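A.B. asks: Next up is a structure, given as structure tokens.
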Amino acid sequence: MIRAGRSEFVVDRKSLAELMGVKWGTFRTVQPYTAPGFPDAISSAGAQVLLWDRQQVEAHLAHRTMPALPQQDSDDDLLDRQEAAAMAGVQPRSWDGYKKDARLASHAVEVCRVEHWPRGVVERFIASRGVPSQPPGRPTGSGDMVPRDLLPGRIGELLDADPAVTAAHAVDVLGVSVTTAQKHLAQARAARIAELLRAEPSLDAEEAAVRLGFPATVRRTAVALALQLQTDSAQR
């Protein structure tokens with residue numbers, strides 16, 4: 001995480017190479033940040049983009065005592081995707097659905113091209129999750145109970161817990177219509193198939209669906225949507 005007030009000191013790997021005076025090709029091969037005693041990355045474990053605190057790096061390179069980073073949590077700490085998802089108790093791919101909610105999207109901050117959200121904003125969002133927002137005069141129980149922009153995240157949670165989750169169960173848990181549940185489950189399954197195919201190109205879509213634990217009754221639709229996603233991505 002990026003501690004409150006320290007975003008201006010954050011550097012990524014390319015900036016780190018420049019600080020160290022190392023050519024980028026050499027830097028990528030040698031990975032000097034893996035050497036014993038090098039400052040720990042401030043990005044979360046498993047983050048695709050590694051980040052460091054520049055003042056700590058500069059102190060290390062100058063053989064000075066590294067300044068300690070603040071240890072006390074602050075509402076202004078910036079959390080990355082993995083950290084925010086962990087705080088919400090969901091998988092990062094479920095957070096990808098949540099982050100579209102206006103209560104999060106309006107507070108997103110990019111540091112070194114990595115999205116972050118203030119701790120306080122994430123905590124308030126988590127506290128408000130599950131409270132349906134209904135327009136005035138809308139009859140109780142009519143239509144979808146969960147706001148549509150939250151549905152991808154909620155559907156993702158259900159799939160994390162059970163890849164074979166049924167539309168009927170989603171209806172019971174989320175209060176959405178059967179049509180909405182079927183649509184969002186198919187889209188979420190397709191996105192996961194496409195993600196696995198990108199990671200393992202040797203798989204075909206059907207094999208990916210089986211690997212992910214999707215039941216035969218929903219595979220055809222999910223596979224077709226995943227292949228369409230691949231086609232659309234290739235045409236961009």
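The values are calculated or read from the model by the stated rules, or taken from the named source; none is laboratory data. The model shown is predicted, which means the values in this text are computed figures rather than measured ones. No Cβ is skipped: glycine too gets one built from the backbone with ideal geometry, and neighbour counts run over all protein chains shown. Ligands, DNA and RNA are stripped out before the accessible areas are found, and what is left, the full protein with its side chains, is counted by its heavy atoms. Shrake-Rupley method; radii C 1.70, N 1.55, O 1.52, S 1.80 Å.
A.B. asks: Taking the Cβ-Cβ separation of Ser7 and Ala161 as r and a Förster radius of 35 Å, what is the calculated FRET efficiency to the nearest 0.05?
C.D. replies: Working from the Cβ atoms, E equals 0.50.
A.B. asks: While we're on this one: Starting from the residue with the highest accessible area, list Thr180, Thr166 in decreasing order, probe 1.4 Å.
C.D. replies: Ranking Thr180, Thr166 by accessible area, largest first, yields Thr166, Thr180.
A.B. asks: Right, something else. Under the 0.36 nm per residue contour assumption, what length would be gained going from the current alpha-carbon distance of Leu19 and Arg64 to full extension?
C.D. replies: Roughly 14.6 nm would be gained on extension.
A.B. asks: Could you tell me whether the range 1-132 comes out rounded, prolate or oblate from its Cα gyration tensor? Rule is a ≥ b ≥ c as square roots of the eigenvalues, rounded for a/c under 1.5, then prolate if a/b exceeds b/c, otherwise oblate.
C.D. replies: Here the range 1-132 falls in the prolate category.
A.B. asks: Over the chain, what is the relative contact order in whole percent, taking alpha-carbon pairs under 8 Å and six or more residues apart?
C.D. replies: 14
A.B. asks: Also, I was wondering about something else. Arrange the peptides 37-45, 68-76 so that the one whose residues have, on average, the most other Cβ atoms within 10 Å appears first.
C.D. replies: Sorting 37-45, 68-76 by mean packing, highest first, produces 37-45, 68-76.
A.B. asks: Please get the size of the charge dipole for the chain, origin at its Cα centre, with Cβ charges of +1 on Lys and Arg and -1 on Asp and Glu, quoted in debye to the nearest 20.
C.D. replies: 400
A.B. asks: Tell me, what is the FRET efficiency for Thr179 and Met87 to the nearest 0.05, using R0 = 22 angstrom and their Cβ-Cβ distance as r?
C.D. replies: So, using R0 = 22 Å, E works out to roughly 0.10.
A.B. asks: By its C-alpha gyration tensor, with a ≥ b ≥ c as the square roots of the eigenvalues, how is the chain shaped: rounded for a/c under 1.5, else prolate for a/b larger than b/c, else oblate?
C.D. replies: It comes out oblate by the Cα gyration axes.
A.B. asks: Subtracting the Cα-Cα distance from 0.36 nm times the residue separation, let me have the gained length for Arg124 to Val49 in nm, one decimal.
C.D. replies: Between Arg124 and Val49, full extension yields an extra 24.4 nm.
A.B. asks: Between Glu110 and Arg28, take the C-beta separation as r, use R0 = 30 Å, and let me know the FRET efficiency to the nearest 0.05.
C.D. replies: 0.85
A.B. asks: Distance from the Cα centre of the range 75-116 to that of the range 143-212, in angstrom?
C.D. replies: Cα centroid of the range 75-116 versus Cα centroid of the range 143-212: 20 Å apart.
A.B. asks: Given the rule -39500 (n - 2.57) for each run of at least 4 DSSP H residues, summed and divided by the residues of the chain, what is its mean residue ellipticity at 222 nm, to the nearest 500 deg cm²/dmol?
C.D. replies: Calculated at 222 nm, the ellipticity per residue is -15000 deg cm²/dmol.
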